[in-house]
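Quick notes on the structure that follows.
The values are calculated or read from the model by the stated rules, or taken from the named source; none is laboratory data. For clarity, every value in this text was computed on a predicted model and none was experimentally measured. Quick reminder, even Gly has a Cβ in these numbers, built from the backbone with ideal geometry, and neighbours come from all protein chains shown. What goes into the accessible areas is simple: the full protein's heavy atoms, side chains included, and nothing from ligands, DNA or RNA. Shrake-Rupley method; radii C 1.70, N 1.55, O 1.52, S 1.80 Å.
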Amino acid sequence: MTFTKLVRLIKYIFIIAVLFFLAHISYTIIDGLKAPDHPADVIMILGNKVNEDGSLSPRLQARLDKGLELYNAGMGKMIMTTGGYGKEMQHEGTVMADYLISKGVPAHVIIVDNDGVNTAASVQNLAKSRETLNIHSVIAVSQYFHISRTKMLLYKAGFSDVQGGAADFFEIRDVFSIPREFLAFYADKYFPWLKPKK
């Protein structure tokens with residue numbers, strides 16, 4: 001292969017890669033912003049930063065408010081609050097549940113998961129309760145760019161009916177979060193062993 005042909009091949013590969021990336025993130029945004037259209041067995045709200053004083057980060061409050069909105073609209077019989085133990089020394093799942101209870105959600109409909117150290121772990125922790133709680137359908141609540149990856153993991157875990165509910169929260173850092181989600185999507189899909197297990 002001549003040098004000119006090699007350069008042309010690299011250029012074509014680069015163009016295809018860029019087009020694939022743009023197509024993927026376009027789908028991610030469209031899919032993430034799509035509202036759920038039917039009720040589910042559980043609304044799974046994925047965690048985010050809890051401040052050292054126990055207050056919610058704006059991102060997390062937006063997720064909880066969306067989950068609360070869906071629950072009050074009859075879109076879920078149960079709610080799962082899932083997150084890890086952050087460097088702020090707060091159990092995200094418990095703090096999230098406390099917020100929902102303060103807003104009138106009965107404690108007995110909330111499943112608290114404090115071992116959801118990442119998205120894959122949160123999904124697996126929900127899957128462990130699938131048979132005992134008769135859970136087959138899920139609405140995953142997170143930022144819009146996080147929905148497609150979460151749905152993919154839920155399907156992989158055996159859930160048959162999966163929808164997303166995007167938090168009403170947008171910020172400049174989304175510009176960086178969207179490409180990161182592109183990498184995380186394929187890492188979770190094809191290389192799950194790269195993620196920490198708990």
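Some notes on this structure:
- Aspartates and glutamates with Cα under 13 Å of Lys49, excluding same-chain neighbours fewer than 8 positions away: Glu88, Glu92
- Probe 1.4 Å - accessible area at Lys103, Å² to nearest ten: 110 Å²
- Fraction of alpha-carbon pairs over 14 Å apart in segment 45-114 - percent: 52 percent
- Sum of -39500 (n - 2.57) over DSSP H runs of 4+, divided by residues of the chain (222 nm, nearest 500): -15500 deg cm²/dmol
- For the chain, a crude dipole built from +1 on the beta carbon of Lys and Arg and -1 on the beta carbon of Asp and Glu, taken about the Cα centre, is about 980 debye to the nearest 20.
- Listed residue pairs exceeding 18 Å between alpha carbons, taken from Lys77/Lys103; Lys34/Lys128; Lys34/Lys151; Lys66/Lys189: Lys34/Lys128; Lys66/Lys189
- Per-q log10 I(q)/I(0), segment 138-198, q = 0.18, 0.24 Å⁻¹ (Debye; single scatterer per alpha-carbon; no solvent): -0.70, -1.07
- D (Stokes-Einstein, µm²/s), Kirkwood Cα radius, segment 63-198, 0.692 mPa s at 37 °C: 212 µm²/s
- Rolling a 1.4 angstrom probe over the protein heavy atoms with all chains in place gives the chain an accessible area of 54 Å² per residue.
- Sorted from longest to shortest, the spans of the Cα atoms of segment 1-70 along the three principal axes equal 62, 36, 16 Å.
- Per-residue SASA entry for Phe182, accessible area with 1.4 Å probe, Å² rounded to 10: 40 Å²
- Placing Thr81, Thr2 in order of accessible area, with the largest value first and a 1.4 Å probe, yields Thr2, Thr81.
- In the chain, taking the dipole from charged Cβ atoms about the Cα centre, the farthest positive-side position among His38, Leu9, Leu153 is held by Leu9.
- Over segment 1-155, all Cα pairs binned in 5 Å intervals from 0 give whole-percent P(r) values of 2, 9, 17, 19, 17, 11, 7, 4, 4, 4, 3, 2, 1, 0, 0, listed from short to long.
- For segment 1-140, the antiparallel share of DSSP beta bridges with both residues in that region comes to about 15%.
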